[in-house]
Structure formats: C-alpha cells, structure tokens
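Before any comments, here is the structure.
The values are calculated or read from the model by the stated rules, or taken from the named source; none is laboratory data. All values derive from a computational prediction rather than experimental measurement. Cβ sites come from the backbone with ideal geometry, for glycine too, and all protein chains shown count toward neighbours. Heavy atoms of the whole protein, side chains included, go into the accessibility calculation; ligands, DNA and RNA do not. Shrake-Rupley method; radii C 1.70, N 1.55, O 1.52, S 1.80 Å.
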Amino acid sequence: MDFGLPSPAAKEDSYWWEKAVLVFVMIVYMIFPLVAFINRRQRHAQSRVSDAMRECENCSVDLAHSLVPEAALPEYRFRGMRLKMSAIHVGFDNVGVKLKSNGRCILEGVTGAFRPRKMAAIMGPSGAGKTTFMNAICGRAYYGTVSGEIRINGHVSSIAEIKELRGFVPQDDIVHEHLTVREQLYYSARLRNRDKTPARVIDYIVEDVLNVMHLTDVQHSIVGNVEETRGISGGQRKRVNIGLELAARPTILMLDEPTSGLDATTALDIMRSLKTLSEIGMTVVMVVHQPRYSLFTLFDEVLLLGLGGQTVYLGNSRGVLPYFTSLNFNMPEHENPADWFMDVISGKVKNEANPNLKSDGLAEVWAQRFTEIVVESGEESQVRRAELFTFSKALAAKLAGAGLDSDTITEENFLKLLEESGVQEPSSDALRELKARIGFEGNSVSREQLSSFLYGLNNAFSSDALSDIANVQKEMEASEASASTVGSVKVSQEKMSGKRARLCAQYPVLLHQNIIRWMRLWKHKAFSLALMSLAAIVFGIQCKDKLTPENVLCPIKINISHVAIGLLMGIACLPIFGSDRMVFWRESASGIRVSAFFLSRVTVFLFDVLVWTYVFTAVWKVSSEAPCGYWLWLVALRMTAVSAAGIGVLISTLIPKSGSTLATAVVLLIMGGAISEPQVVAEAKGSFNEVLAFLSPFTWTSGQNYLAVIAEFGGEDYVNIFALDMMDGYRNVLLSINLGGQNLDYLPAAYISCSIFGVLGLTFGYLGLRFSHRGKQA
Ligand SMILES: Nc1ncnc2c1ncn2[C@@H]1O[C@H](COP(=O)(O)OP(=O)(O)OP(=O)(O)O)[C@@H](O)[C@H]1O
Ligand SMILES: [Mg+2]
C-alpha cells in the first residue's frame with residue numbers, strides 16, 4: 001500500500017509558506033489594535049467637533065433670543081435628517097390574523113389608515129393584539145396567516161415591501177453591547193443610508209440623532225449589559241434602540257412600546273422627539289401602554305383595539321374622550337383619561353345609562369358609527385407665521401440699534417454684538433463653526449446674511465445643512481400627488497431612498513465594526529487563550545514519550561490531542577453568531593446583507609482561530625516534547641481547528657445559545673470518537689462507524705498527522721506491530737473513498753481536507769444564518 005509518504009528532507013523546505021502565513025497573521029493582529037487606536041483618536045476629534053457644533057448652536061440661539069426675546073425657536077435644527085418623501089399612506093382593510101399553530105383568531109377586522117407625517121398610537125389592553133397588528137402590517141407576523149388588505153399609497157402591498165423606507169423599533173432593546181452609543185448610530189447610518197452618502201452627511205445624521213434623542217452626554221459610553229459591563233441606563237438604552245432606526249432616516253417609523261418601563265418624564269421627552277420628527281416629515285406609528293394624558297394628546301391619531309383584536313376607535317386623539325362620553329361612559333374626576341380608556345375597553349367601567357353596552361359590544365358600536373370626533377387646532381400654524389414676521393422686524397431694529405446698520409459686519413463687530421447681547425464668547429472651534437454657518441467670507445459678512453442666518457433659526461432645518469432640501473421638497477410634492485391618487489402608483493423604494501450599500505460597500509464598514517468590537521473583548525480573548533494554553537499543557541503532558549511510531553498509544557494520543565483542540569475551537573467560535581442572534585435578525589430585517597454580516601464576523605474570528613492554534617500547538621509541543629518539527633504538528637492541528645470552527649459556526653447559527661455548547665461538544669466528541677479506534681472502523685466495513693469516520697474531519701486530520709509522523713521517522717518499517725493495526729485502519733478509511741491510492745503528499749492533502757471541512761462548515765453556517773428564522777429577518 002502506498003501512502004505517498006513524503007521524504008523528511010523534502011518537507012522541511014515545504015514549510016516556508018507556513019512561515020509566511022504566520023508573519024501575515026501577526027501583521028493583521030497588529031493592524032486590529034491600530035484600527036482601534038485610530039478609531040479612538042477619531043472619537044476625540046469628533047467630540048471636539050460635536051462640542052463646537054453644540055456651542056455654536058447655543059450661541060446662535062442665545063444671540064437670536066437676546067435680539068428677539070419672544071421668538072419661539074425650535075430646540076434643535078436638523079442638519080443631516082432631510083425631509084423625506086413622507087407621503088407613505090398606510091391603509092388597512094379588515095386585517096385579521098389567525099395563528100398557524102392552532103387556527104385561533106387573535107386579530108379581527110381592523111380597518112383604517114395611518115396618514116403621512118402624523119404620529120399615530122395603537123393602544124389596547126394587554127393581549128389585545130397590538131403587537132400582532134403591527135407585525136401584520138409590517139409583514140412580520142410569520143407565526144400567523146394574515147387576512148385582509150394592506151395598501152401602501154393606495155397600492156395593495158405590505159410595509160415589508162418597502163423595507164428600506166421603514167424603520168422598525170422592536171419592543172426589546174436589541175443593541176450592540178460592546179459599542180459606544182455614537183458608534184452604534186454611526187454604523188447604522190453608514191449601512192442603512194443610500195450608497196455613497198457623503199461622510200459629512202453621515203456625521204450630521206449621527207449628530208441629529210444624538211441631539212434629538214438626548215444622547216449627547218453619553219455618546220462615548222459603551223452600551224453595556226446588566227451581566228458584565230454596566231453601561232448606559234435603561235432609558236438611554238431605549239433611546240439608542242430608537243436612534244438606530246432614526247439613523248436610517250426612515251420615511252415611516254414603527255415602534256413597539258418604545259416607552260414602556262420608562263418614567264413619565266423620559267417617556268414624554270422621547271415622545272416629543274418623535275413628534276418633532278413627524279413634523280419634519282416622518283410618519284410615526286407606535287404601540288403605547290397607558291401614557292399620561294399630556295403624552296396621549298401628542299398623538300395625531302389613535303387606534304384603540306379591544307380584547308380579541310377588534311377596532312374600538314380610530315381617529316383624533318382628542319376625540320377619544322368625547323367619543324366615550326357620547327356613549328354614556330362617565331370618567332371620574334382626577335382620572336388619567338388614557339388609563340380610563342383602557343378600563344372602558346377592558347370592561348371595568350360600568351355604563352350606567354346603557355348597562356347592555358359591555359366591552360365586547362364596543363367594536364360593534366364603532367363599526368356602526370365609524371365616525372371619529374375631530375378636534376382640530378388650526379391656529380398653530382397661523383401663530384407661527386405671525387411670529388416669523390415679528391422676528392425679522394425686531395431683528396432688523398436691534399441690529400440697527402447695536403450700531404450694525406452698515407452693510408458689512410466684521411468679526412470684531414460680531415464679537416462685540418455677542419458681548420453686548422450677553423452671549424458667552426464662543427471657543428475658537430465654535431466661533432469658526434459659527435462663522436462658517438453665518439457665511440463669513442474672510443473676516444466679514446454682510447448684514448443680510450447675518451439677518452437671514454438668525455431668521456433661519458426658526459426653521460426645523462439648519463440653513464447650511466448639506467441635505468438637498470429643495471430636491472426632496474420637489475420629490476415630496478410628486479409623491480403627495482401619487483398618494484392622493486388612490487390605487488394608482490406603486491411606491492418605488494429606489495427612487496425614494498436610493499440604493500442601499502452593496503456587499504462590497506457594507507463589508508468594510510461591518511469589518512471595521514467587528515474589529516472595534518474585537519478590541520473591546522480583548523479580556524475575553526486573553527482569558528480564552530489562557531484556558532487553551534492550560535488545556536495544551538495538560539494534553540501535552542499526557543502525550544509525553546508516546547508520540548513515536550513504535551509506541552502503540554501514538555495514534556490514540558494524537559487523536560485525543562486533535563479532539564481537544566477541536567472542542568476548544570468549536571466552543572470558542574460559538575459567540576461569533578450565538579451571542580448576537582437577535583442583533584443579526586434586527587440588522588437583517590433592516591436591510592443589512594447577510595453575506596456582509598457573516599463574512600465580516602468570520603474574517604475577524606478566523607484570525608483568532610489561527611492565533612489560538614499557533615499558541616496551542618507551541619504549548620502542546622513543548623509540554624509533550626513531541627518529535628518532528630513544529631510545523632508538521634501545526635499543519636495537522638490547524639486542519640482540526642478550522643474544521644471544528646466551521647462546525648461551531650454552523651451550530652451557533654442554528655441552535656440557541658442555551659443549547660449550542662452542549663450540541664457542539666456532542667457533535668465533536670462523536671466525530672472524534674468515530675476514529676479513535678480506526679482498526680475497529682477498518683474491520684466494520686460498510687457500517688455506520690465507517691460512514692461516520694468518513695464524514696468526520698478527524699479521520700483526515702489526525703489520520704494524516706499520524707502518517708506524517710511515520711514518514712518523518714523513515715516509513716512504515718518503524719511502526720510498532722500493534723500500531724500497525726491502527727495504521728491499517730486509517731489506510732482502510734482513506735481507501736474507502738479512494739484517497740489512499742492517490743499518492744497525495746502530506747501538505748497538499750492537509751490543505752485540501754482543511755479547506756474542504758472549513759469551507760463546508762462556513763457555507764452551511766452561512767446558509768443556516770440566511771435561511772433559519774426567516775420570519776424574524778422580515
Ligand atoms: N406567536 C404566537 N403564538 C401564539 N400566540 C400568540 C403569538 N403571538 C401572539 N399570540 C397571542 O395573541 C394575542 C395578542 O398578542 P399580542 O402580543 O399581539 O398582544 P399585545 O396587545 O401586543 O399585548 P401586550 O400589550 O401585552 O404586548 C395574545 O393572546 C397572545 O397570546
Ligand atoms: Mg405587545
């Protein structure tokens with residue numbers, strides 16, 4: 001039998017390639033911290049820019065207020081957010097959901113619409129079907145059969161079909177725990193805005209989200225988790241959860257209980273921020289739980305669902321109280337109306353005048369009346385217009401009074417104006433920013449420009465924002481026209497939001513994200529390395545003096561060492577996807593490409609696997625005083641490490657975290673055990689054992705390792721009579737797929753098996769990620 005055993009002399013030369021790979025891996029390992037270091041430097045620079053922008057903003061508002069104290073300027077002016085073509089009108093007719101598992105109807109006959117640029121609430125008692133309804137219109141109710149009709153701008157469709165225009169904030173806070181608040185928003189903005197969005201616009205978007213969600217103070221804090229690093233507070237986490245979607249500048253934002261668990265003040269803060277966004281063009285729909293009345297009235301529209309998932313009311317938020325009062329329900333004094341509505345819907349409020357009207361009859365009553373009570377306040381916009389006029393007049397007078405009626409204002413005069421107005425002198429960075437925004441050319445600016453800058457503070461958008469407001473305005477008008485023509489035009493995501501980044505654009509961004517994450521986990525990595533070294537010492541000592549071909553235990557000891565490294569690597573690779581399955585589902589649902597997500601994570605982990613293998617092999621070889629060169633063992637053990645890592649990746653994508661460790665251990669032990677007694681395998685021709693041995697990577701890794709050791713010692717003649725039996729076993733397994741006679745050299749055979757098992761594991765892992773839990777990725 002010819003094993004194709006290579007001659008030892010030829011082998012020494014063939015390892016030059018291995019040495020080159022080692023150098024490459026080490027260089028990459030040094031690049032990782034470098035990337036993290038640069039990121040840290042950038043963070044400091046961004047901090048300075050961010051502070052300057054805020055100071056500049058405060059300074060200009062203070063100046064405007066000192067000139068026109070009565071001016072009601074918006075709290076914040078957007079720079080990166082742009083007016084979206086928010087004419088997304090969602091109509092739903094008779095929407096119902098039946099559970100696939102038992103056919104139970106959990107939602108029934110919900111009819112109505114969410115109008116563009118409005119903030120709508122879905123409310124109802126617990127279990128009424130609010131989440132189900134939201135999932136149904138978003139195409140995420142994978143657990144049920146959805147009936148009825150959903151129309152987007154009049155076209156029968158689902159929000160899932162306009163995935164790239166939609167933001168969905170899940171009820172649970174699914175965030176990257178090892179990134180800072182700013183980093184999370186940055187990556188979300190980079191990955192989810194149209195391809196080739198300029199870097200400055202991305203920075204402005206992040207700045208906008210930080211400001212609107214009141215996160216600027218914690219922008220550089222790690223999000224953390226309760227178990228390990230305590231990061232930001234629960235309320236801040238919720239805001240990050242919402243901010244991640246805002247960074248994508250969605251046209252329609254759906255939120256499932258964004259304020260539950262928060263105190264009333266924080267909830268109101270978040271709600272006001274969302275209201276601001278709806279005012280600049282976003283359609284906001286959310287499920288809320290018993291808000292206080294001041295918060296409740298922020299909503300333009302309210303959909304009330306009764307038990308059993310039927311519509312009890314849909315319309316203006318200020319109209320709910322008059323509606324229930326008109327049905328002769330009487331609200332006690334000092335009661336929070338929003339709480340009382342829930343009591344009415346749940347049947348806890350008696351109707352004195354009409355005792356027959358119970359909670360289960362409310363849906364029927366609504367269906368018959370079907371008229372909302374509209375309480376419109378039309379004065380608001382008129383007040384605003386009058387304010388703008390007063391502002392511009394008062395400003396001109398004040399400027400003239402301050403002796404700045406000359407047409408050109410120098411920097412010196414401007415600083416004097418600030419001083420006289422009692423505005424704190426800005427720092428040099430903020431002054432530079434302020435001058436740029438006002439439009440200083442060199443050292444001077446025209447009076448008109450200053451006036452128009454201050455006047456522009458009244459706007460929801462910063463006047464110098466890069467965003468193409470004018471263009472978007474035009475697009476909006478076009479879209480509005482389409483929305484009003486019911487049933488005519490299908491929404492074109494591409495036209496409205498532009499194309500999302502492709503794999504080649506998303507991959508580097510995600511790779512950068514994973515490198516930053518990798519650095520933050522360095523303690524875990526160091527601990528893993530220490531544990532692996534410990535295992536290498538223990539297994540190494542057990543192999544001492546037994547690794548020569550004459551020794552009968554040699555193949556077994558080699559095999560056990562392979563099983564050890566396989567188990568270590570398989571389990572160490574589980575967190576690649578296991579710990580972040582929820583994050584993955586959210587990102588995949590939001591349009592991030594599965595391939596980019598998968599490849600970026602695997603790339604970073606692959607280097608870990610390689611480095612761990614170098615260290616394990618070195619420690620094991622020293623402790624076992626193994627014969628032959630380091631590279632011979634490395635090549636063999638690495639085959640096992642890569643194959644086991646592939647199996648770990650596959651399992652982590654398919655099995656939840658709670659069971660994946662055990663599953664990996666079992667799979668790898670079975671595979672390792674399959675070849676532990678190869679002579680048995682050899683004798684059991686055509687048996688289950690033989691099939692298992694053929695499928696097990698260990699057959700190819702530890703088997704070839706043994707053959708390579710024999711070759712190093714000079715060939716089969718050196719094999720102990722007992723070990724010869726085992727060798728026959730390997731030979732037979734190899735022969736079973738006609739590999740034994742292929743005369744493959746050790747290295748090519750090793751590389752081939754390593755690649756085949758590694759690539760197979762990763763491919764199945766990718767497919768597992770892509771095709772398992774499809775509903776959660778919708
Ligand atoms: N996947 C599912 N499998 C089985 N039953 C479900 C499933 N999803 C929802 N239900 C059932 O459907 C009903 C409505 O659930 P849903 O989660 O929509 O209620 P909700 O109004 O959002 O409640 P809460 O306010 O407590 O979040 C409940 O009775 C719930 O048990
Ligand atoms: Mg719910």
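Descriptive notes on the structure:
- Contact order normalised by residue count of segment 78-216, Cα under 8 Å, 6+ apart, percent: 27 percent
- Paramagnetic reach from residue 364 in segment 312-353 [backbone N under 20 Å; point 7 Å along Cα→Cβ]: 312-314, 324-329, 344-353
- Phi to ³J(HN,Hα) by Karplus 6.51 cos²θ - 1.76 cosθ + 1.60 over segment 573-586, Hz, x for Gly, Pro: 8, 4, x, 3, 10, x, 7, 10, 4, 5, 4, 4, 4, 5
- Taking every C-alpha pair closer than 8 Å and separated by at least 6 residues, the mean separation divided by the residue count of segment 90-369 gives a relative contact order of 23 percent.
- Accessible surface of segment 90-369 [probe 1.4 Å, protein heavy atoms]: carbon and sulfur percent: 45 percent
- Relative contact order of segment 87-139, defined on C-alpha pairs under 8 angstrom at six or more residues apart (%): 36 percent
- Per residue accessible area in Å² of segment 90-369, where ligands, DNA and RNA are left out and the probe is 1.4 Å: 37 Å²
- Listed pairs 118/275; 557/621; 98/130; 130/358 exceeding 18 Å between Cα atoms: 130/358
- Computed on protein heavy atoms with a 1.4 Å probe, the accessible areas place 242, 556 in the order 556, 242, largest first.
- Here the label points at residue 336 and residue 625, each 7 Å from Cα along the C-beta direction, are separated by 7.6 nm in the simple model.
- Across the accessible surface of segment 525-576, with the other protein chains kept in place and a 1.4 Å probe, carbon and sulfur atoms take up 77 percent.
- Within segment 114-203, the trypsin sites (Lys or Arg not before Pro) that combine a DSSP coil assignment with at most 15 other C-beta atoms in a 10 angstrom radius are 196.
- Loop chymotrypsin sites (Phe, Trp or Tyr not before Pro), segment 601-673, which have at most 16 other Cβ atoms in a 10 Å radius of their Cβ (DSSP): none
- Cα→Cβ-extended label distance, 7 Å offset, between residue 48 and residue 408, nm: 3.1 nm
- Pairwise alpha-carbon distances in segment 90-369 exceed 36 Å for 18% of all pairs.
- Prolate/oblate/rounded call for segment 159-248, Cα gyration tensor, a/c under 1.5 rounded: oblate
- In segment 517-620, trypsin sites (Lys or Arg not before Pro) in a DSSP loop with at most 12 other beta-carbon atoms within 10 Å: 544
- Under a model in which nothing but the beta-carbon of Lys, Arg (+1) and Asp, Glu (-1) is charged, segment 90-369 shows a dipole of about 620 debye around its Cα centre.
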